[in-house]
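To keep things clear, I will list the structure first and then write my remarks on it.
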Amino acid sequence: MKARSDLMGDQEIVRLHHPVAVIDALAKNRTALTVALRPIQAGAFSSVDAFDEVTDPGDPALVVVGPSLLRPEDFDRIGRLLRSRPEVRAVMVVDQLAADVLKQAIRAGVSDVVQQADLDPELLDAILRADQVLLSVEPPQVVNDEPEARVGQVTTVFSPKGGSGKSVVATNLAVALAERCSGPVVLLDADLQFGDDAVMLHMHPRHTISDVVESIDRMDLHQLKSMLAVHEPSGLLLLAAPVDPAMAERVTAADVGVILNLLRSFAAHIVVDTPSVFNDVVISLLDRSDDIVVVGGLDIPTIKNVKVGLQTLGMLEIPQNRIRLVLNRANSKVKLDVEEIERTLQLRAEALIPSDILVPTSVNRGIPAVLDAPRSGVARSLGQLAGVILAGTRREGRAA
Ligand SMILES: Nc1ncnc2c1ncn2[C@@H]1O[C@H](COP(=O)(O)OP(=O)(O)OP(=O)(O)O)[C@@H](O)[C@H]1O
Ligand SMILES: [Mg+2]
């Protein structure tokens, strides 16, 4: 069987049997390699760990390892990847074809080595060869009636009151789940105009939900995974909000539904951050959530808005047992009493987050409180919330 080659516009697209990923620590190398592989449209990762994290074991793939990964520890990591995932084949790009580099590449199990100077067309040829070899060694596909085994648990963080602490809760909850959970955890920033989860996690994602929506008709799991950014300290995956607020209008409720379904098919948990409005996108997210964390506070305007918000959720026929009340800045002596609020809202608070200077400090440093100060009251209450969400998973027997 030969790889297909189609003409799209004036650019020739080579269709391989397996996805291709470029791995290099340096952005300029990743760009050079993806340009050399233009006809294939390869994804790009900054480390072997990031590739391993985002792709599913068992899914065949071809990787191009760039010239910045030539240290002994890089060869070790590549070797471990290729041993643990025999369905992955690697081609390496090096500056100089030195004997010791070749020896280490062979030991690591790399299929082919190409010199940087010969990228065009040797790299593409090497990938085409690896694609054919992988095809011939692949076991026959087992037919499975259920296309995706995992059904990730969706937790949407919402509040009818802006500035109540939704993003602080969403980022910390997502990181806490990523730390406690063996399966992938994804944070979806659905505050499409002013989402700042990437900033709060000190991340600089290459893609945002706008990029996903631009090719939503052709979006598949592999492509979506390649657009998630990895939060290195916790392993959390992020689909960031658009950089340009004007892009928010282009994201529809249907798009978000497609994205959520794809995320649920591979992630154990998906945490969704939202804006404080009931628009189509937010309603569709709330409707599809297993848990809705409603963030309130101890002041009367917030409680009034939360009360109205809960009534709206009722009108939307969202079952009340999905709602988890969290009270933020809950230690203020000048404000209302927690029990009084619970009576007013007819809900028990599942976590009380104290007001603490450490929150704005950790936001400004881009290190969530659960990592920055794990023993603090703020981190402990957010950890408790993660425990409630995880207990829900166990209660319903879902994959964790
Ligand atoms: N428990 C807390 N103690 C001290 N400061 C807090 C606490 N919770 C949140 N803050 C601060 O309040 C501000 C608003 O928090 P956050 O951005 O999480 O709210 P939000 O609900 O996401 O806001 P928006 O509606 O604008 O999206 C942040 O600057 C944050 O540092
Ligand atoms: Mg926010």
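Over every Cα atom in segment 4-137, the radius of gyration and the widest Cα-Cα span, Dmax, amount to 13.9, 44 Å.
The simple Förster model, with R0 at 35 Å and r as the Cβ-Cβ distance, assigns GLU342 and SER265 a FRET efficiency of 0.40. Number of Lys-Lys pairs in the chain with C-alpha atoms under 30 Å apart and a separation of 8 or more places or on different chains: 16. Mean residue ellipticity, 222 nm, helices only, the chain: the sum of -39500 (n - 2.57) across DSSP H runs of n ≥ 4, divided by residue count and rounded to 500, is -12000 deg cm²/dmol. For segment 193-240, the square roots a ≥ b ≥ c of the C-alpha gyration tensor eigenvalues yield an a/c of 1.5 or more together with a/b not exceeding b/c, which makes the shape oblate. Note that segment 88-96 has calculated 3J(HN,Hα) couplings of 9, 10, 10, 10, 10, 10, 10, 6, 10 Hz, one per residue in order, obtained from phi through the Karplus relation 6.51 cos²θ - 1.76 cosθ + 1.60 (θ = phi - 60°); glycine and proline are x. Taking all C-alpha pairs of segment 221-357, those more than 20 Å from each other amount to 56 percent. Helix 119-137 versus the longest principal axis of the chain: what is the Cα-based angle in degrees, 0 to 90, to the nearest 10? It is inclined by approximately 80 degrees. The magnitude of the dipole of the chain, with charges of +1 and -1 set on the Cβ of Lys/Arg and Asp/Glu and taken from the Cα centre, is near 1180 debye.
By DSSP, the beta bridges lying fully in the chain are antiparallel in about 15 percent of cases. Dividing the mean sequence gap of close Cα pairs (under 8 Å, 6+ apart) by how many residues segment 153-395 holds gives a relative contact order of 28 percent. If one puts a single equal scatterer on every Cα of the chain and applies the Debye formula without solvent, what log₁₀ I(q)/I(0) results at q = 0.07, 0.09, 0.13 Å⁻¹? The computed values of log10 I(q)/I(0) come out as -0.37, -0.59, -1.07.
Any read-out appearing in this document is the output of simple, stated calculations on the displayed coordinates, not a laboratory observation. The structure presented is a predicted model; accordingly, all values stated were derived computationally and were not measured. Neighbour counts run over all protein chains shown; Cβ positions are idealised from the backbone, glycine included.
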